[in-house]
Structure formats: structure tokens, C-alpha cells
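S.K.: Sharing a structure below in C-alpha cells format, with a few things to ask.
None of the figures in this text is laboratory data; all of them are computed from the coordinates on show. Just so we're clear, the structure is a prediction, and the values are computed from it rather than from any experiment. As a convention, Cβ positions derive from the backbone with ideal geometry for all residues, glycine included, and neighbour counts pool all protein chains shown.
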Amino acid sequence: MQRVAPDHEMAAGVGRDRAGQQRRAVEQQRPRLAIRQFEDGDGVRCPEIDAEANGPHGRNNTTTLVHMTWLLHLDMDQFIVAVEVLRHPELTGLPVVVGGNGDPARPRQVVASASYEARAFGVRSGMPLRTAARRCPDAVFLPTDPAVYDAASVTVMAALRTFDVPVEVWGWDEAYFGGAVADPFLLAREVRAAVFAASGLSASIGIGENKLQAKIAAQYAKPGGIFRITFDSWPGLMFARPVSALWGVGPRTTKKLDALSISTVGQLAGCDAAVLLPVFGPRMSSWLPLAAAGHGDVSLTTEPWIARSKSRETTFEVDITDPVEVASHVSAMASALTRDVVADGRLVTHVAVKVRFTPFFTNLRSMKLRDGATADPDVVSAAAVVVLGKIELNRPVRLVGVRVDLLALPGVGDGEGGVGAAGGD
């Protein structure tokens, strides 16, 4: 399977496009499905079809959803590494690994991003730096610098917003956009060129009839290309691939599907939801076959993303066994988080504490603040220590985290993050 050359469309044929247009014309007569996000057993954000959310009285009636003819997914190439290479041009073409403080000799440092040259040696995001150093001993290791990545992301998204299209940002290096355009490849080429001119960074762009197709198409486009997936091309591209190739299907879900003798996307697409229901429940059992058939969200949310929670966590270089020391760390993190959210004009309503023991056993507890929402760091800190008291500290502690849930802002769409929230490179 070859990636489409960056500057031309694959020879899909006029008939295929015409068939797609006819199908879309029929679909426009049907009620639209709103699709929101839920978290599956793998901690991956997945689209959930939500029929109730449609119409003027649905749950999403405060969010502006714009239905697109084409959905496009901008995915920056090796974003963190690429930003570092811009700062250090002498590293161009070398295996580069960014993570932690950049010292693989220190314990519990993990890879945030690896260059394609390092990935050729098996280095991956989330891998311990020590393991990365063993796999690629000649790699250049650099510390993470989030402020610089924030600035680069702002530049990228500002370039994207110069186009007259809705934009839905999904992180430092990803965004969806779309348009009712006759030639989505032309739009993609113009966006890619504008992003490079503004930031010096390379982007891949996927095109699809929904977000799922566009997301996966962007992976086919890497690095630096443009690729389109439609309902017509989906079976040929995806049905023979393992179920893990689907966005939102992680190792746990893959294992459960394997137990049902479902290993390929095509098998999952042809599976009756009733077969999946006892294993996955009503939401996942409905979503999985639809996703395997190429269905996904067809809307863009135009409101800015507003966090409904904020979190911090820290991994200790040496395990902690003193409960008083653990409580001190939790208290300090809760106070710092509260000061951050109050500076943003928000109030705290709930507190959660995560403790990860050696080896990798995690306990999470939470509580609602008894006296209601507050901006007082001392109140939140004390509550966090109370929550910690619900966790039996009977093993060495390697990580602690604190999450504060925030009072919702009226009339805006929101997002979520928090202790244990998934992320990616």
C-alpha cells in the first residue's frame, strides 16, 4: 500500500466520486447523528453515537456543530522532535529522542517523542529513556520544553485559522478542519504550505467523509503527504488490517475481540452488535461495528475547548515509603493546581488523588468538596489529603497525582482532562 504523492490525488476515478456524491445526497435526507466522546477500557477517547443529542432539545444544543462535505485532519510530523530540530539544525537527519530531562541514566524518564530515524530502531513514545538508549545508543537525547511546543502550536493553529474554514483543535499537533469544497486536495495543499511557511514544520493531512476516515488517512499520508479515504475505498484499505488499526481500539479491546475470534477490521464490520453486547456493553458494542465500517463523526465543534478539570502528577526517582512525605507531595500539588485554575477564573468542585505503587498497581479516589465550589488553595489541599487517606499506603509509592474538577462555565462547550487521561505523540 503506497502513500499518495503529496501533490496529487490518487486515481480514484470520476465514477467513485460521483457515487460518493450520490450517497451523501441520500444521507443528507436522514437525521444526523451527533457523536460525542467516551473513554473505553484502553483509556482511549472514542466517538459515541448519541441520537438524543440531536435537534434543538438535545444535550448538545449549547454547542455549534458544523456539518462538512469533507473532514480534514492536520497531523504535524514528529512535532516535538521537529520543533527541537528547528532549534538545533545540526540534528537534522540524526536519531533524536525527547523526554524527561533528557538523561537516560536517570530512572523513570520516558520518551515524549522520537524522530523517524530513532523510530527505525524501535524507539516509541512512552518507552523508558533507558530502553530507548539501549535500542538506539547513538541517539541524541534532549529534555522536554513544553513552553516552546506551546508557542510552536500557537503558530501552527494561527496559520490554519487564516483559512475560511471551521477548526477544531485536538492538541499541540492535531486539528480537524473542513469545508464544502469541490477539491479537498487543493485546500489540503494550501493549508500544508501555509503551516510550513509560518512555522517551518512539516504536516501530513488526511481527508475523509468523517473524522475517523480523516484521522486514519493522515497516518497513510505520513510523512508530509496528503491522503484521502472514502466509504468506497475504506474496505480495500482497512478490512484486512487488524482491529488495532482503528482509532480508539487499544490493547484491551483488541484482546477482548480476539477472544470472540474477531481479529480484522472486516470481521468487526460484519459483526452483529448483539454478539459484542455482553462483553462491551451498549455503547461500545454499537460503536465498534460502525467504526469498522468507516463511520464516524461528521461535525466540527466551533467553540473553544474549555477544560472541566486539571491535573498534575509526579513520578519519584526513588520510591517513597513514608506516608507523611506522600501527603506532603499531594498537598503541595493540590495547592498549586488550585492557584493555577483560580488564575484562569475558575472554581474547584471535586478533588481526586491517584497513587501508583510498585510495581504499577494504581489506586484512584475522589470526593466532592463539602462546602461547594472554592478558590481557596488551603481548602482544596486539605481535601486532597482527606482523599489520600482513603488509599491504604501499604506499598512503596512510585507516583502520585492530583486532579481538580472545575465548576462549569455557562453556555460553552467543554473538554476534559485529568489524572490518567490518555495522550499521544
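S.K.: Can you grab the distance from the C-alpha centre of region 96-115 to the C-alpha centre of region 344-394, Å, no decimals?
M.R.: 29
S.K.: Give me the number: length gained by fully extending D319 to D103, i.e. 0.36 nm times residue separation minus the C-alpha to C-alpha distance, one decimal in nm. Numbers along the way, then the final one.
M.R.: Numbers: separation 216, 0.36 × 216 = 77.76 nm, distance 1.89 nm.
Result: 75.9 nm gained on full extension.
S.K.: Given 0.36 nm per residue, what is the gain on full extension from M127 to A408 after removing their alpha carbon distance, in nm?
M.R.: 97.6 nm
S.K.: What residues have an amide H closer than 5 Å to that of A307, excluding those fewer than 5 places away on the same chain, when H is modeled at 1.01 Å from N in the peptide plane?
M.R.: Amide H neighbours of A307: G415.
S.K.: Here is a further query. Run down the lysines and flag those whose C-alpha is under 19 Å from the C-alpha of K310, throwing out any fewer than 8 positions away in its chain.
M.R.: Cross-link targets: K354, K368.
S.K.: Assuming a ≥ b ≥ c are the square roots of the Cα gyration tensor eigenvalues, decide whether region 149-215 counts as rounded (a/c under 1.5), prolate (otherwise, with a/b larger than b/c) or oblate. Before the final figure, lay out the partial values.
M.R.: Values: a/c = 1.82, a/b = 1.43, b/c = 1.27.
Here region 149-215 falls in the prolate category.
S.K.: Also, I was wondering about something else. When a footprinting reagent is the concern and you count Cβ atoms within 10 Å, what order do E190, E317 take, fewest first?
M.R.: Ranked by crowding around the Cβ, least crowded first: E317, E190.
S.K.: Something else about it: Each residue of region 124-141 in turn: what ³J(HN,Hα) in whole Hz from Karplus with 6.51, -1.76, 1.60 and θ = phi - 60°, glycine and Pro shown as x?
M.R.: 9, 4, x, 6, x, 4, 4, 5, 4, 5, 5, 6, 9, x, 8, 5, 8, 9
S.K.: Something else: Just to verify a number: FRET efficiency for D378 and L86, C-beta to C-beta distance, R0 = 51 Å, to 0.05?
M.R.: 0.75
S.K.: When the Karplus curve 6.51 cos²θ - 1.76 cosθ + 1.60 is applied with θ = phi - 60°, which whole-Hz ³J(HN,Hα) does each residue of region 329-336 get, with x for Gly and Pro?
M.R.: 5, 4, 4, 5, 5, 5, 5, 5
S.K.: Mind listing the long-range amide H neighbours of R241? Cut-off is under 5 Å, sequence gap 5 or more, other chains count too, H placed in the peptide plane at 1.01 Å from N.
M.R.: Correct list: V265, G266.
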